[in-house]
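**Student:** Please read through the structure below; I'll follow up with questions.
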Amino acid sequence: MNQYHLQHPKVPFIEIAIQTIPGLPEGIQNNSHLRYHRILIQNPNQVEIGNFYGRLQLPEPIDTVIDTNIPPGVSINVEPILTRFSIIGTGNRKLLGPASTLRPLYPPAHFFPGNRAQLTRYSDGSEATGVWQFSIDKLPPQSAVILSFLTSNEGDATNYIDLANYEFKTNGATISTTIQGTTNGNVLLHNLTIAMIVHTNKVIEPNEDWHLGTNELRFYFEGFYQYPTGEQLGNQQFLVPFVFDTNNRTISSLPIQKEDGKWRRVTIEYQ
């Protein structure tokens, strides 16, 4: 029995929670457009958690990362997930020259848990996004990491917020764009939005329901981590659903789970 437990150890579950803190951090001028949030990632186990990766999808774009509180010897990396572009010809992602082509260079995906719908927008607004990623090299036993940040709903932040609340109007894909031509043949691209509900395969699942219903999940924290299992490392995915109070602009979290369960996740890509 002991040998079995050594070869099949119990998966050590971590604890993740987000909260919106009343007010703003000390030293920041009062601003009704800002909200102050904190994420807690805790390892309550007696074993070390390693190679933690998390993808954060928020209702508002992050304006500023305030600080990270981490244990000694732990390394953390926090950054927005942005799509870059290559240009064949002349121009940039906002102004494209005649007979020129804009090609997106998507950031690599660290894992593929699957999604039921997707919202994508290329905008001439700022790069303020609510889709961020961060990695932690290790979480020692009985340790925690805290990430504090501000979100905003002001100015160019509305471009991301509009996408995050974009309505799925059909069971397939909806594509809309706003472009403007110039007298010298250039094209101004203001935005290109793609809203798509994903289905698996009608041959395999002919009765599949494309509608997301009340189980639609747009805001959440997802990712994976590794843990020791004898002579190798085990892998565990996780999902933390978020609840957003639109009136007060506060975020809270539901308990962490190891798979989607009832939720139908929406993946947001904004650039």
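**Student:** So for Ile136, Ile66, fewest C-beta neighbours within 10 Å to most, what's the order?
**Tutor:** Numbers: Ile136 25, Ile66 16.
With the sparsest Cβ surroundings first, the list reads Ile66, Ile136.
**Student:** Computed FRET efficiency, Cβ-Cβ of Glu15 and Asn247, R0 25 Å: what is it to the nearest 0.05?
**Tutor:** 0.35
**Student:** List the residues whose amide H sits under 5 Å from the amide H of Ile256, counting only those 5 or more places along or on another chain, with H placed 1.01 Å from N in the peptide plane.
**Tutor:** Here Ile16 satisfy the definition.
**Student:** In the neighborhood of Ala157, defined by Cβ-to-Cβ distances under 9 Å, what is the net charge if each Lys or Arg adds +1 and each Asp or Glu adds -1?
**Tutor:** Details: positive: none; negative: Glu60, Asp63, Glu154, Asp156.
Net of charged neighbours comes to -4.
**Student:** Tell me the label-point distance for the pair Ala173, Glu48, using the 7 Å Cα-to-Cβ offset, in nm and rounded to one decimal.
**Tutor:** So the two model labels end up 4.5 nm from each other.
**Student:** Counting other beta carbons within 10 Å of each residue's own, what order do Arg264, Arg103 fall into, fewest first?
**Tutor:** Arg103, Arg264
**Student:** Taking the Cα of Asn69, stepping 7 Å toward and past its beta carbon, and measuring to each backbone N in the stretch 138-166: which are under 20 Å?
**Tutor:** Correct set: 138-151.
**Student:** Would you please give the residues with an amide H less than 5 Å from that of Ile66, counting only those at least 5 places away or on a separate chain, with H modeled from the backbone geometry?
**Tutor:** Those qualifying (amide H under 5 Å, at least 5 residues apart or on another chain) are Ser148, Phe149, Leu150.
**Student:** I'd like to compare 26-35, 249-258: which one has the highest average count of other Cβ atoms within 10 Å, and what's the full order after that?
**Tutor:** Ranking the peptides 26-35, 249-258 by packing returns 249-258, 26-35.
Every number here is computed from the coordinates shown, using simple stated rules; none is lab data. Quick caveat, the model's predicted, so the values are computed rather than measured. Note that each Cβ is placed from the backbone with ideal geometry, even for glycine, and that neighbours are counted across all protein chains shown.
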